[in-house]
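Input: a single structure, listed below in structure tokens.
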Amino acid sequence: MEEVTLSQKLFVPSLPTLWPSMLLGRPRSSSFQPFAASNVRYFYFARNAVWLTVKMLGLDKGEVLMPAYHHGVEVGAVVDAGATPRFYRVGSRWDVDLEDVEKKIGPNTKALYLIHYAGFPGPAAEMRQIADRHGIPLIEDCALSLLSADGTVPLGTTGDIGIFCLYKTLPVPNGGALTINGPRQYSLPEPPLPPSVSTFSHTVSALLQNLELRGGAMGRGLRSLVRSVGHGTVKAANIERVATGTQHFNRDHVDLGMSPLTKRIALAQDMEAIVEKRRRNYFFLLGRLRDISTPLFNQLPPGVSPLFYPLVVQDKAEVMGSLHAQGIDAIDFWRRFHPACDATAFPEVAQLRRSIVEIPCHQDLSPEVMAAVAAAVREAVKSDRRTRKRTG
Ligand SMILES: Cc1ncc(COP(=O)(O)O)c(C=O)c1O
């Protein structure tokens, strides 16, 4: 394979792209959650599963104890469904403060909510014990942790409920899931299919990203041409494209189900190989970056499928600007608290929100591309340091 040098224009998308052959792959059975779960419902988004969980478990009018380190849309879904979120402390290395969890449980606490961050397992067994002691359910949010496990225990199988997002890890146009563990049975209505034009639009855009990933300048040109034509058509026809990855919960979409194409693409993937590639890329970045930025985690525990490499920086805007200029779609990870959470009560979380940038390490990125990514990140971090020295 050709070596990628920094003088060539890199294109490193934040999410995996859709290879045309994946549309023709044969779906197979999977041992991964949520596909292997016996009681599972699929939705357009993970947020729909959060909303339905509150309704299904009768948590509305009660309190749900949630981490102060959150995306915001999961909190929005809990609030929209009628429950009140209360927040527990998370430390500077994404560590849940179990003592604080115990302390915050009160007479109105109806459930515990645990988020597994970027594939790294939270303390599910300990949270399970606390929940059991208080006779309340545990919700495990694995929206950022599809395919990940704590050793041999798949994430999402310890709580009463597992919640998953498919489109952050797999090249699918939409998809979230709700799994119900244990003997409790709930009869859930089958959600309606999403607008096919929305599925089509997301699928085409993932295919175009793939073209650009593989096709260099020609792919890039074609992608921007198709995008401008596509935007015009969508506007002119007033077509409803239900955006994924948004920050705000929208009740209008709460019932939307998952497209059949999502399941088809998902089940045609070699999921073991995906985990292996993500781990390989993560280890590579860890080795190349640890001397310029202290890693949040010095190792990758067995079973973990990392969603991205959490790079700790001083000035997010500066570093991200430099990475974007070099073609790397780095993402500003969780900048804002949900308004229901008092930021001043959680200084470590506020610091995390100021300092973490998502560096892609997904399955589409070859070792050659990862070498170029590492070099670009080193350059961005060093130039940030130089700027800060000069200014201050
Ligand atoms: C922890 C967490 N839960 C739930 C969600 C909602 O996922 P979706 O975009 O599939 O609704 C997100 C989205 O980023 C998230 O980060």
| remark: Output for Cβ contacts, cut-off 9 Å, separation at least six or different chains, first residue farther than 17 Å from Arg288 by Cα in the stretch 379-392, second part of a helix (DSSP H, G or I) and modelled with pLDDT of 85 or more, reads Asp384/Glu318; Asp384/Val319; Asp384/Ser322; Thr387/Glu318; Arg388/Glu318
| note | Scanning the stretch 77-88 residue by residue, those open to solvent by 40 Å² or more (accessible area, probe 1.4 Å) and either within 13 Å of the ligand (Cβ to nearest atom) or outside the structural domain of Ala143 (by TED's automatic domain parsing) (or both) turn out to be Asp80
| Residue ID - least open to solvent (accessible area, probe 1.4 Å), chosen from residues in the stretch 96-107 that are touching a residue at least 24 places away in the same chain (Cβ under 8 Å) and away from the ligand (no atom under 15 Å from the Cβ) | Val101
| field | Positions within the stretch 151-163 being within 13 Å of the ligand (Cβ to nearest atom) and in contact with a helix residue (DSSP H, G or I) (Cβ under 6 Å, 6 or more places away or on another chain), in sequence order | value | Ile161, Ile163
| task | Answer yes if at least one residue in the stretch 192-209 is assigned to a loop (DSSP other than H, G, I, E, B), out of contact with any Lys or Arg (no Cβ under 7 Å at 6 or more places or on another chain) and open to solvent by less than 20 Å² (accessible area, probe 1.4 Å), and no otherwise. | result | yes
| task | Kindly check whether there is at least one residue in the stretch 305-320 that is without any contact (Cβ under 8 Å) to a residue 24 or more places away in the chain, outside the structural domain of Gly76 (by TED's automatic domain parsing) and of a type outside the set (Val, Ile, Thr). | result | yes
| Which one is nearest to the ligand (Cβ to nearest atom), of the residues in the stretch 238-264 that are assigned to a helix (DSSP H, G or I) and under 18 Å from Ala143 (Cα atoms)? | His253
| query | Does at least one position in the stretch 7-21 carry a residue that is away from the ligand (no atom under 16 Å from the Cβ), open to solvent by 10 Å² or more (accessible area, probe 1.4 Å), in the same structural domain as Pro137 (by TED's automatic domain parsing) and at pLDDT 95 or above? | reply | no
| said: Please verify whether Glu74 is within 12 Å of the ligand (Cβ to nearest atom), in contact with a helix residue (DSSP H, G or I) (Cβ under 7 Å, 6 or more places away or on another chain) and modelled with pLDDT of 95 or more, treating the condition exactly as stated. | reply: yes
| note | Lys110 vs (1) within 16 Å of the ligand (Cβ to nearest atom); (2) in a strand (DSSP E or B): all pass except (1)
| Name the residues in the stretch 44-71 that are within 13 Å of the ligand (Cβ to nearest atom) and either open to solvent by 10 Å² or more (accessible area, probe 1.4 Å) or of a type in the set (Ser, Thr, Tyr) (or both), would you? | Tyr44, Ala46, Arg47, Trp51, Leu52, Thr53, Tyr69, His71
| Within the stretch 122-135, is even one residue among the β-branched types (Val, Ile, Thr) and either in contact (Cβ under 8 Å) with a residue 60 or more places away in the chain or in a strand (DSSP E or B) (or both)? | no
| note | Restricted to the stretch 151-178 and to residues being outside any loop (DSSP other than H, G, I, E, B) and not hydrophobic (A, V, I, L, M, F, W, C), the residue surrounded by the fewest Cβ atoms within 10 Å (Cβ to Cβ) is Pro154
| message | Please go through the stretch 136-150 and give me each residue that is within 13 Å of the ligand (Cβ to nearest atom) and part of a strand (DSSP E or B), ordered by number. | response | Ile139, Glu140, Asp141, Cys142
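The values are calculated or read from the model by the stated rules, or taken from the named source; none is laboratory data. Note that the coordinates shown come from a computational prediction; the quantities given were computed from them, not determined experimentally. As a convention, Cβ positions derive from the backbone with ideal geometry for all residues, glycine included, and neighbour counts pool all protein chains shown. Remember, those area values only see protein heavy atoms, side chains included, never the ligands or the DNA or RNA. Shrake-Rupley method; radii C 1.70, N 1.55, O 1.52, S 1.80 Å.
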